[in-house]
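Student: Supplied in structure tokens, the structure appears directly below.
We did not get these values from a lab; they are worked out from the coordinates using the rules stated. A quick note: this is a predicted structure, and the numbers were derived from the prediction, not measured. Every residue, glycine as well, gets a Cβ built from its backbone with ideal geometry; the counts of neighbours run over all protein chains shown.
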Amino acid sequence: MAKEIKDVPGLEPKPIIGWLGNVAGMFSDPLTALTDLHQKYGDVLTISRGGNPHLFFAGPGKHHTLFVFGSQYNHQLMSNSDVFHSGSILSTLFPYGEVDTRRRVLQKLSIGLFGLNGETHRRQRRLIMPAFHKQRLNVYCDDIVRITNQKINNWKVGEQIDIWREMMNLTLQIVAQCLFGLNALKESQAFGELIQTWIKLAVSPGVLLFQSDIPGLPYHRFVNISHELDSIVRNIINQNRPTSDENVDVLSLMISAKDEDGNSAFTDDEIVGHSAIFFTAGHETSSNALAWTFFLLSQHPHVMEKLRLEIDRVLGSASLNIDHLKQMPYLDAIVKESLRLMPPAPLSARMVAEPVDVGGYELPVGTEVVFSAFHTHRDSSIYENPHQFIPERWETINPTAYEYIPFSTGIRSCVGMPLALMEIPIILAMVFQKFRLELSSSANVIPHIGLTMSPKHGMPMMIQPKDGNYNAGVGNVKGTIHKYIDLKPKLLS
Ligand code: HEM
């Protein structure tokens, strides 16, 4: 017989502050904290015995947040989207139910695909998907190559750059061009920084724990920035309403989509919500993936040398096109391995919509269930030496769709995956076709878990000529990254 939710093992509430004490303890390094809890309590655990936190989603009732570890749970959660609902990424940041006028903007900005379920989600997702079909990818490829060229042509040998910031800016321009048809996102740097500040605030303790819209408090600033973002995205949409049906970027698809009665399938607010999510989900994840890959390559000279040989053989000095990518299996393996080791979306959550048994526990409606790509990808029964960066492993392993989940799988999988899996290798190939990147000695590499996993202090790197000196800058890396990755520098002889 299934046990009750109160029997799930885990942390007891702290005196006076209850479960909040446990959450606060996890803020600085949630993934390492979860690794310890997993070892201590097993595959199903809670950090809130007797408490009622909604860490990810708002909702009625007093329920728990559970953490589950293992591909069998990934399977259960991902293949049953009517029982396990997704939720708006911002829903814990405004009151459940009626929202006051000023804070309605938070609701609006969260109507992206993440916040929809059931038939509405399936229908809107279906209408958006053509923007990621194969024919579109060919067009995107040319755009990505052109925008990347513009970016890296400005880099100077000998200069230090924050490769994470550079990638944030580059991937934002790519999303703006490919999905919204914006030739040059004016002041894209400033817009990118505003999105960053917004995301940082959205997951900061100050905003999450003190949700009072009072001047001087971080929450007030968060609401102000939400209004600013709303009006920027609305302007972008209004200034770029497509003039012909030939455009099939996301924006034109949403604007021209009709329901069965011939009415617009998306309201203006929904278009703003989807667009905001595309801008944030579409550039933050890819730039993190790129920053971590540049870092991993900077610490694995023998991998870097093998990649250089592949780039020289396939690409030489030619301008990259989509066929080149198909001839670079080692680059493909590097991207797969980097997304395994440092998944940009390490944790995902679902909310139980119908009573269900998970791991022998009867979960009531409203329970949050959190699953972890980060821990799944470190399961040593699936991946030998899971903490090491070994692209070669992909020549022999073939994990199931629930054992390798950087983009999730099923009806809620990442819609942007085809774009991400094209832009990441293109950017890597083009950078290494021209340069060598060396980790700066000032780098302090600390993974930060917000909405995604990013390098907390950026990723300072030196731009060097493509001279093959891949041993430079290897070893003695500072920061908590050693808790995440077993860095075993094998120098080139
Ligand atoms: C390396 C890059 C990326 C990674 C690792 C990534 C990862 C993910 C993951 C894990 C999910 C599922 C989250 C969940 O199960 O709760 C997701 C969903 C989503 N992603 Fe991505 N993503 C990436 C790039 C992109 C890009 C480039 C776009 C858009 C341009 C995008 C847009 C979305 C959207 C709209 C969803 C929600 C899908 C739905 O609920 O139907 N992502 N992504």
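Student: By how many nm would the segment from Gln239 to Asn469 grow when fully extended, if each residue of separation counts as 0.36 nm and the alpha-carbon distance is taken off? Present the calculation step by step, with values, prior to reporting the outcome.
Tutor: Numbers: separation 230, 0.36 × 230 = 82.80 nm, distance 4.79 nm.
Taking Gln239 through Asn469 to full extension adds about 78.0 nm, to one decimal.
Student: Quick one: grab the alpha carbon gyration tensor of the chain, order the square roots of its eigenvalues as a ≥ b ≥ c, and give me rounded if a/c is under 1.5, else prolate or oblate depending on whether a/b is larger than b/c. All intermediate terms of the calculation are to be shown ahead of the outcome.
Tutor: Numbers: a/c = 1.59, a/b = 1.19, b/c = 1.34.
Oblate is the answer for the chain, as a/c is 1.5 or above yet b/c matches or exceeds a/b.
Student: Where the centre of each part is set by its Cα atoms, how far does the range 391-412 sit from the range 260-329, in angstrom?
Tutor: If you average the Cα positions of each part, the centres end up 17 Å apart.
Student: How much length would be gained if the chain were fully extended between Asn321 and Thr480, taking 0.36 nm per residue of separation minus their Cα-Cα distance, in nm to one decimal? Intermediate values should be presented prior to the final figure.
Tutor: Working: separation 159, 0.36 × 159 = 57.24 nm, distance 3.79 nm.
Gain in length upon complete extension: 53.5 nm.
Student: Then there is this: To the nearest 20 Debye, how big is the dipole of the chain about its Cα centre, given +1 on the beta carbon of each Lys and Arg and -1 on that of each Asp and Glu? If you can, show how the numbers build up before the last one.
Tutor: Values: 44 positive and 49 negative charges, 171 e Å.
Dipole about the Cα centre, nearest 20: 820 debye.
Student: Please list, in order along the range 8-18, the HN-Hα scalar couplings obtained from phi with the Karplus expression 6.51 cos²θ - 1.76 cosθ + 1.60 (θ = phi - 60°), rounded to whole Hz, x for Gly and Pro.
Tutor: 4, x, x, 6, 7, x, 7, x, 6, 8, x
Student: To continue, here is another question. Considering the dipole of the chain built from charges on the beta carbon (Lys and Arg +1, Asp and Glu -1) around the Cα centre, which of Val157, Gly262, Met168 is farthest to its positive end?
Tutor: So the residue we want is Val157.
Student: Just to check I understand the Karplus step: with θ = phi - 60° and J = 6.51 cos²θ - 1.76 cosθ + 1.60, what whole-Hz values come out for the range 440-452, glycine and proline as x?
Tutor: Per-residue couplings from phi come out as 6, 5, 7, 5, 10, 8, 10, x, 10, 9, x, 5, 10 Hz.
Student: Any idea how far apart Lys14 and Ser231 come out in nm if each label point goes 7 Å out from Cα toward Cβ?
Tutor: 4.0
Student: Looking at the square roots a ≥ b ≥ c of the eigenvalues of the Cα gyration tensor of the range 305-456, which shape do they give, rounded for a/c under 1.5, prolate if a/b is larger than b/c, or oblate?
Tutor: prolate
Student: What ranking, highest mean first, results for peptides 476-483, 303-310 when packing means the other Cβ atoms within 10 Å averaged over each residue? Numbers along the way, then the final one.
Tutor: Working: 476-483: 14.8, 303-310: 17.5.
Ranked from most to least packed, the peptides come out as 303-310, 476-483.
Student: OK, next. Could you put Ile255, Ile147 in order, starting from the residue whose Cβ has the fewest other Cβ atoms within 10 Å? Please list the in-between numbers first.
Tutor: On the way: Ile255 17, Ile147 22.
Result, fewest neighbours first: Ile255, Ile147.
Student: Also: Would you grab the residues whose amide H sits under 5 Å from the one on His448? Only those 5+ places off in sequence or on another chain, please, with H modelled 1.01 Å from N.
Tutor: Placed amide hydrogens put Ser454, Lys456 under 5 Å from His448.
Student: Taking θ as phi - 60°, what are the ³J(HN,Hα) couplings along the range 72-85 by the Karplus curve (6.51, -1.76, 1.60), each to the nearest whole Hz, with x for Gly and Pro?
Tutor: My calculation for the range 72-85 gives 5, 6, 4, 4, 4, 6, 7, 9, 9, 6, 7, 8, 9, 7 Hz in order.
Student: When ranked by the protection proxy of mean other Cβ atoms within 10 Å per residue, highest first, what sequence do the peptides 366-372, 287-293, 205-211 form? Don't jump to the answer; show the numbers that get you there.
Tutor: Working: 366-372: 22.7, 287-293: 26.4, 205-211: 14.7.
The most tightly packed comes first, giving 287-293, 366-372, 205-211.
Student: Please list, ordered by chain and number, the residues whose modelled amide H lies under 5 Å from the amide H of Leu66; skip anything fewer than 5 residues away on the same chain.
Tutor: Amide H neighbours of Leu66: Glu368, Val369, Val370.
Student: With both partners inside the chain, how many of the DSSP beta bridges are antiparallel, as a percent to the nearest 5? Before the final figure, lay out the partial values.
Tutor: On the way: 26 of 34 bridges.
That works out to approximately 75 percent antiparallel.
Student: If you don't mind, another one. Distance in nm between label sites at Arg313 and His133, each 7 Å beyond Cα in the beta-carbon direction?
Tutor: Going from the Arg313 label point to the His133 one covers 3.6 nm.
Student: How large is the helix-only mean residue ellipticity at 222 nm for the chain, computed as the sum of -39500 (n - 2.57) over DSSP H runs with n ≥ 4, divided by its residue count, in deg cm²/dmol to the nearest 500? Can you show the working numbers first?
Tutor: Values: 17 runs with 215 residues, N = 493.
Estimated from H runs of four or more residues: -13500 deg cm²/dmol.
Student: Net charge near Lys336: determine it from the other residues with C-beta under 14 Å of the C-beta of Lys336, scoring Lys and Arg +1 and Asp and Glu -1. Write out the running numbers ahead of the final one.
Tutor: Numbers: positive: Arg340, Arg393; negative: Asp332, Glu337, Glu392, Glu395, Glu403.
Here the charged neighbours net out to -3.
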